[in-house]
Amino acid sequence: MNRDAAALVVRARIALMQGHPEDAGKYIDEAIPKAVSPDAMLFKTGLLLTMGQRQAALDLSNKVLEKFPGNLQGRYARIEAYIALSQDDKAKAEVDDILAKTPNNYMAVYDRAVLLARAGNVNEAWRVAQSLPGEFRDSVPRVALMVAQIAAKAGNDQTGASILGRLLLKDPGSIPARINLAAFHLGRNNPDEALKVLNPVKDSQDVQLR
């Protein structure tokens, strides 16, 4: 089979979707030395974050930006790594710099909302999050999930539930979305609806459901 960088990245993505992160890591490690674009390194950064290897993810995102200066995907990855490491000041500086140059950068706007929420400014975080176009928010599952959480924390739990509902229409297997939506129903003293939301994944081995 073709073992060029692009093909190996595709194989890594498939392995990850099938629940085999170790295989994905092997494919992507083979792809990185062959790649002429940042895609393989960026995939590896995301994989490291998923596996909880936060410092390694930050180190690799820095290497991406050394090799591809100014690459926005690399900057987003570094921001995510900073946040995962609770280095919010560094993340904020990166976000502020991006927004100073491109004020309508939706991912940077989202990251600003996340940082505000982490700082306890939930109402301001929700105001910023509301400026995101619905198409963008709903097209990126982790963005939709976080915005729903920010909405709920700001007292707009019905809006948050609606966002989660749309996320589940696109991705019925999203366990985080189901857990958050079930929590919404429990908060409204509606355990039957909560169980209904969780029922499709009741046999999952995901530790979040235990």
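Screening the range 146-186 for residues that are open to solvent by 40 Å² or more (accessible area, probe 1.4 Å) and of a type in the set (A, V, I, L, M, F, W, C) and picking the one that is nearest to Ala129 (Cα to Cα) gives Met146. Say whether the condition of being in contact with a Leu (Cβ under 6 Å, 6 or more places away or on another chain), part of a helix (DSSP H, G or I) and open to solvent by less than 20 Å² (accessible area, probe 1.4 Å) is met by at least one residue in the range 31-39. Taking every residue of the range 31-39 in turn, at least one turns out to be in contact with a Leu (Cβ under 6 Å, 6 or more places away or on another chain), part of a helix (DSSP H, G or I) and open to solvent by less than 20 Å² (accessible area, probe 1.4 Å).
Here Tyr82, Tyr106 are screened, and the one residue that is open to solvent by 70 Å² or more (accessible area, probe 1.4 Å) and either out of contact with any Phe, Trp or Tyr (no Cβ under 7 Å at 6 or more places or on another chain) or closer than 23 Å to Leu164 by Cβ (or both) is Tyr106.
Yes or no: Ala77 touching a Ser or Thr at 6+ places or on another chain (Cβ under 8 Å), within 24 Å of Ile32 (Cβ to Cβ), at pLDDT 95 or above and not in a loop (DSSP other than H, G, I, E, B)? Step through it out loud before you land on a result.
Working: touching a Ser or Thr at 6+ places or on another chain (Cβ under 8 Å): yes; within 24 Å of Ile32 (Cβ to Cβ): yes; at pLDDT 95 or above: yes; not in a loop (DSSP other than H, G, I, E, B): yes.
Here the answer is yes, as Ala77 does meet what is asked.
For the range 1-22, residues that are open to solvent by less than 70 Å² (accessible area, probe 1.4 Å) and over 20 Å from Phe68 (Cβ atoms) total 6. When Ala91, Ala56 are screened for being of a type in the set (A, V, I, L, M) and either within 21 Å of Asp4 (Cβ to Cβ) or surrounded by fewer than 18 Cβ atoms within 10 Å (Cβ to Cβ) (or both), only Ala56 passes.
Just the residues that are in a helix (DSSP H, G or I) and hydroxyl-bearing (Ser, Thr, Tyr), please, taken from the range 83-120.
Filtering the range 83-120 down to residues in a helix (DSSP H, G or I) leaves 83-84, 88-101, 106-118.
Of everything in the range 83-120, those that are in a helix (DSSP H, G or I) and hydroxyl-bearing (Ser, Thr, Tyr) turn out to be Tyr106, Tyr110.
Taking each residue of the range 36-59 that is closer than 15 Å to Arg13 by Cβ and looking for partners that are assigned to a loop (DSSP other than H, G, I, E, B) and small (Gly, Ala, Ser) with beta-carbon atoms closer than 8 Å, six or more apart or interchain, yields Met41/Ala35. Show the residue pairs meeting these rules: Cβ distance below 8 Å; 6+ apart or different chains; first residue within the range 71-97 and at negative phi and β-branched (Val, Ile, Thr); second residue modelled with pLDDT of 95 or more and part of a loop (DSSP other than H, G, I, E, B). Once the first residue is at negative phi and β-branched (Val, Ile, Thr) and sits in the range 71-97, no partner that is modelled with pLDDT of 95 or more and part of a loop (DSSP other than H, G, I, E, B) comes close enough.
The values are calculated or read from the model by the stated rules, or taken from the named source; none is laboratory data. Note that the coordinates shown come from a computational prediction; the quantities given were computed from them, not determined experimentally. Counting neighbours? That spans all protein chains shown, and the Cβs are built from the backbone with ideal geometry, glycine included. Heads up: the accessible areas ignore ligands, DNA and RNA and are worked out on the full protein's heavy atoms, side chains in. Shrake-Rupley method; radii C 1.70, N 1.55, O 1.52, S 1.80 Å.
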